[in-house]
Amino acid sequence: MRRPAMDTRTPTDGALADLRLRQLTSATLPVGAFAYSQGLETAVELGWVGDLPQAAAWIGGQLQHSLARVEVPLLARLMAAFSAEDRDAAMHWSGLLLAMRDTAELRAQERALASAWAVLLGDLDLDDARTWVDLPQRTALALFALAATRFRIAPPTAAQACLWAWLEAQVSAAVRAVPLGHTAAQRLLYELAQDIPAVVASGLAVADADIGAAAPALAIASCRHETQYSRLFRS
């Protein structure tokens with residue numbers, strides 16, 4: 001029996017929008033995000049990250065200095081483009097994000113997650129998501145922005161949720177790679193989550209010309225991960 005289609009183009013009340021947001025950031029989403037460490041595995045291999053304080057510095061540093069100046073401002077612009085039904089603008093901002101992924105491995109991760117997001121959202125009756133499956137400019141952030149826009153989630157709220165999902169994925173990777181105990185992982189989430197509101201506020205204030213960040217340690221770790229002998233993660 002075919003399930004009833006979700007009416008995603010009518011206004012969503014606050015309670016339902018909150019539930020939709022929880023679904024978008026759930027660790028159970030079948031997009032494969034658990035398979036990527038974004039350089040953390042190599043940082044552990046190289047001795048850069050070996051305990052809780054070092055994991056906090058690695059993850060927190062990216063949150064403060066990279067996501068605040070790339071993901072947050074680009075998410076806001078992507079949501080504005082989708083809200084205006086401006087496909088060209090959405091592809092432009094998504095392509096810019098892809099260009100800011102410094103290594104082949106990080107670009108491959110972005111495209112793989114984006115394709116998985118596009119298929120999933122298409123199965124959830126967001127039909128315009130399917131058109132992104134094979135786009136060269138596709139990114140996971142663009143598909144998240146599309147879903148958040150269709151579900152009538154405000155950009156600041158969507159940005160906070162996006163950062164939380166990223167943080168949770170990084171801490172999960174740290175549990176397996178460092179390794180960290182589960183209580184230590186919860187302490188790490190508890191501490192770093194406090195930074196998210198300020199990161200979102202600063203990111204939403206970034207001008208077009210100021211979008212971008214330098215993360216040389218991440219780029220080096222990602223490059224070396226491509227040829228790392230033994231690894232659990234795809235990045």
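Taking the Cα-to-Cβ direction at ALA57 and at ALA207 and moving 7 Å from each Cα, how far apart do the two end points lie in nm?
Once both label points are built, they end up 3.4 nm from each other.
Counting helices only, and only those DSSP H runs with n ≥ 4, report the 222 nm mean residue ellipticity of the chain as the sum of -39,500 (n - 2.57) divided by its residues, in deg cm²/dmol to the nearest 500.
Numbers: 11 runs with 139 residues, N = 235.
Rounded to the nearest 500, the figure is -18500 deg cm²/dmol.
Kindly provide the Kirkwood hydrodynamic radius of the chain in Å, to one decimal, from all pairs of distinct alpha carbon atoms. Walk me through the numbers before you get to the answer.
Working: mean 1/r = 0.0552 Å⁻¹.
18.1 Å is the Kirkwood radius here.
For the chain, return all DSSP H helices satisfying: extent of Cα atoms along own axis at least 24 Å; mean Kyte-Doolittle hydropathy at least -0.5. Each step should come with its number before you reach the end.
On the way: long enough: 104-123 (29 Å, 0.26); 155-177 (32 Å, 0.50).
Answer set is 104-123, 155-177.
Give the range of the longest stretch in the chain that excludes all GluC sites (Glu not before Pro) found in loop regions by DSSP and having at most 16 other beta-carbon atoms within 10 Å.
Working: sites that count: GLU85, GLU226.
The reported range is 86-225.
Among THR139, THR149, what is the fewest-to-most ranking by other Cβ atoms within 10 Å? Write down the numbers at each step before the final one.
Details: THR139 28, THR149 22.
Ascending Cβ contact count within 10 Å gives the list THR149, THR139.
Of the options TRP132, LEU167, ALA55, report the single residue whose Cα projects farthest towards the positive end of the charge dipole of the chain (beta-carbon charges: Lys, Arg +1; Asp, Glu -1).
Sorting the options by dipole projection puts first TRP132.
What is the gain in length, in nm to one decimal, between ALA84 and PHE34 on full extension, counting 0.36 nm per residue of separation less the C-alpha to C-alpha distance?
Numbers: separation 50, 0.36 × 50 = 18.00 nm, distance 3.24 nm.
Residue separation times 0.36 nm, minus the Cα-Cα distance, leaves 14.8 nm.
Run the numbers for GLN186 and ASP128: contour at 0.36 nm per residue of separation, minus the present Cα-Cα distance, in nm.
Extra length available between GLN186 and ASP128 comes to 17.2 nm.
Compute the distribution of all C-alpha to C-alpha distances in the stretch 59-142, in bins of 5 Å from 0, and list the percent of pairs in each, rounded to whole numbers.
Each 5 Å bin holds this share of Cα pairs: 3, 15, 23, 26, 19, 9, 4, 0.
Any read-out appearing in this document is the output of simple, stated calculations on the displayed coordinates, not a laboratory observation. This is a predicted model, so every value here is computed, not measured. A quick note on method: Cβ atoms are made from the backbone with ideal geometry, for glycine too, and the neighbour counts reach across all protein chains shown.
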